[in-house]
Structures are given as C-alpha cells and as structure tokens.
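Notes follow once the structure below has been shown.
The values are calculated or read from the model by the stated rules, or taken from the named source; none is laboratory data. Because the structure is a prediction, the values reported are computed rather than measured. Backbone-built Cβ (ideal geometry, glycine too); neighbour counts: all protein chains shown. Each accessible area value is taken on the protein alone, full model and side chains, heavy atoms only, with ligands, DNA and RNA left out. Shrake-Rupley method; radii C 1.70, N 1.55, O 1.52, S 1.80 Å.
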Amino acid sequence: MEVRTLSEAGVQPLDIKTILNKQSDEPVHANLNTIYNEINAHRIEKLAGQSSIEYLIGQLKSLDFIYTIDQNDENQIQSLFFTLPQSIHLLKQFHSVILMDCTYKTNKFNMPLLHICGFTNTNHSFSVGFCFVTKENIPSYTWALLQLKNLLKGLVPEVIISDWDLALSKALKKTFPSSSHLLCIWHINKNVVAKCKKHFTSGDSWNAFYSKWQSLVESETESVSLIFEYIFHQPKRINISII
C-alpha cells in the first residue's frame, strides 16, 4: 500500500525503496523488481480495462477540466488541450502577458507538453492550460494556439513570451499577429552562457562580461541600454552568436 501511495505522489521506484528502508527498523527485502511489479499492478487496477487515453479523458471529466481533442482521419489523437474553469476566469482578467514553453520526456508516448501561463497584477503566475502535441511543428502549435484564442473570446495578449522555437514563433505570428513576441530571458541567459563563456580565459573577465550583460537586459530606459550597448561594441568585443 505504501508503494502505491508513494508512486501516486510521483516518487521514483529507487527513492521508494530508500524511503521504505528509512521508515522500517529492519531492512526492507523488496528489490526494485518487486516495487516495479507493485506499481504496474496498481496501474492495471486503475485502468480497469481502459486504454491510457480513455482513463485520462475519464479523469479530466471527473475533475471538471475543459478539454478539446484533435484527431486524424483514423480517429487517432494528435493533440489534447485541457484547462480548468478557474484558469479561464483568471485569463479573462489577466491576459496582457502570456508565457508558453514545452516540456519533454515526461510521458511514455514522448508527446511534448505545451504549458501556457499567465501573470496576475500582483506578479504571480497561473496555469492557463496544457496541450499535448504529437510534433513540434506549425500545424500542431497553430491548433494549440487556436484553443487559447477560443478561451480569450476576442481578447488579445499584448505580449507573448516563449523560447526560440521557430515553429512556435511562426504559429504565433499566424494566430496572434498583433501581439508582441519576446524571447524568454531565462532561455537567452542559458544561450549566453553556452555560447559565450568558452571564449573567456579567466573567471574574472567572464564575470565582468556577464555583469554588463545583466545590466543591459535590466535597463529601465532606452538611454541607459544604449550606454551598455556602446560598451559591448568596443574594439575588444567578441563576435559570437547568442541565439
């Protein structure tokens, strides 16, 4: 029973074994295969003869999710968008800034999960919706964005933030042409480190460069940013591509 409870909470099998050992006065003799078998038996019981997708749809219905399915000519699911009424309520109030990104390798079907977030007037984030997509291409992203557009009921985000995904970028231009599309600073900073740091011979010079970069990014006015742009374009600058 403990194995099933921990598995439901998202604890990995190896960690489950460690937890069981710590909770018991004597070593637990169950090996990893035993734990995997217990988890699989629990999964089969939960499915009760249903396929994984049938079970998922049933869960979405029982938990009052609002969902939309995109199927091909053979009735195979290509995309699944789902959200909650509370999320729609927040979206209608706070739709000015939308952030979206995909997560990977989180399910056995290897379907990327597009996570769409919004921000309240107190700078707190909330989940707008989620969409499993078969491929990271323009048609898949366009379908997902159209579901978001339907939720907005004519409202248009002022700014949409994402990573440097060309397919998503093209889908955004097609679906929300009047919204400004910005790149996520977290992804930009990762690329700065990956592309730039190797060109510096000392930690001090890299730290100085990165400090100036952060000051440029955080500039509150155009005049201040121009000062840092001038610094970056001195003769000793390094010619590199950040993106």
Filter segment 38-68 for residues that are modelled with pLDDT of 90 or more, β-branched (Val, Ile, Thr) and open to solvent by less than 60 Å² (accessible area, probe 1.4 Å) and give the result. THR68
Top-ranked residue in segment 117-141 [being in contact with a helix residue (DSSP H, G or I) (Cβ under 6 Å, 6 or more places away or on another chain), within 16 Å of ASP163 (Cα to Cα) and at pLDDT 90 or above; ranked as surrounded by the fewest Cβ atoms within 10 Å (Cβ to Cβ)]: ILE138
Hey, could you check segment 69-82 for residues that are at pLDDT below 85 and of a type in the set (Asp, Glu) and say which is most open to solvent (accessible area, probe 1.4 Å)? ASP73
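Give me a count of the residues in segment 184-224 that are of a type in the set (A, V, I, L, M) and either touching a Lys or Arg at 6+ places or on another chain (Cβ under 6 Å) or exposed (fewer than 15 other Cβ atoms within 10 Å of the Cβ) (or both). Full working, then the answer.
Step one: filter segment 184-224 for residues of a type in the set (A, V, I, L, M), giving 185, 188, 192-194, 208, 216-217, 224.
Next cut, either touching a Lys or Arg at 6+ places or on another chain (Cβ under 6 Å) or exposed (fewer than 15 other Cβ atoms within 10 Å of the Cβ) (or both) only: 185, 193-194, 208, 217, 224.
The number of residues fulfilling the criteria is 6.
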Could you check HIS89 against (1) in contact with a helix residue (DSSP H, G or I) (Cβ under 6 Å, 6 or more places away or on another chain); (2) loosely packed, with under 12 Cβ neighbours inside 10 Å; (3) within 16 Å of VAL128 (Cβ to Cβ) and say which number it fails? (1)
When residues of segment 5-32 are limited to those that are part of a loop (DSSP other than H, G, I, E, B) and modelled with pLDDT of 80 or more, the one surrounded by the most Cβ atoms within 10 Å (Cβ to Cβ): VAL11
Here the qualifying pairs (Cβ atoms under 8 Å; residues six or more apart or on different chains; first in segment 162-189 and charged (D, E, K, R); second open to solvent by 60 Å² or more (accessible area, probe 1.4 Å) and part of a helix (DSSP H, G or I)) come out as LYS170/ILE138; LYS174/ILE138
Checked against (1) in a loop (DSSP other than H, G, I, E, B); (2) within 19 Å of the chain's Cα centre (by Cα); (3) of a type outside the set (Phe, Trp, Tyr), ASP64 satisfies every condition except (2)
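Scanning segment 84-109 for residues that are assigned to a loop (DSSP other than H, G, I, E, B) and polar (S, T, N, Q), which turns out nearest to PHE176 (Cα to Cα)? I'd like the intermediate steps shown before the answer.
First pass over segment 84-109, keeping only residues assigned to a loop (DSSP other than H, G, I, E, B): 84, 94-96, 104-109.
In the following step, the residues that additionally are polar (S, T, N, Q) were identified as 96, 106-107.
Working: SER96: 12, THR106: 28, ASN107: 29 Å.
Among them, the one singled out is SER96.
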Is it the case that SER162 is under 21 Å from LEU90 (Cα atoms) and polar (S, T, N, Q)? yes
Within segment 135-150, does at least one residue satisfy the condition of being under 18 Å from the mean Cα position of the chain (by Cα) and assigned to a strand (DSSP E or B)? no
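In segment 92-112, how many residues are surrounded by fewer than 16 Cβ atoms within 10 Å (Cβ to Cβ) and within 12 Å of the chain's Cα centre (by Cα)? Give the derivation first.
Within segment 92-112, the subset surrounded by fewer than 16 Cβ atoms within 10 Å (Cβ to Cβ) is 92-93, 96, 103-110.
With the extra rule that they be within 12 Å of the chain's Cα centre (by Cα), the set shrinks to 103-106.
Going through segment 92-112 one residue at a time, the tally reaches 4.
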Restricting attention to segment 170-183, which residues are under 22 Å from SER125 (Cα atoms) and either open to solvent by 50 Å² or more (accessible area, probe 1.4 Å) or of a type in the set (Ser, Thr, Tyr) (or both)? SER179, SER180, HIS181, LEU182, LEU183
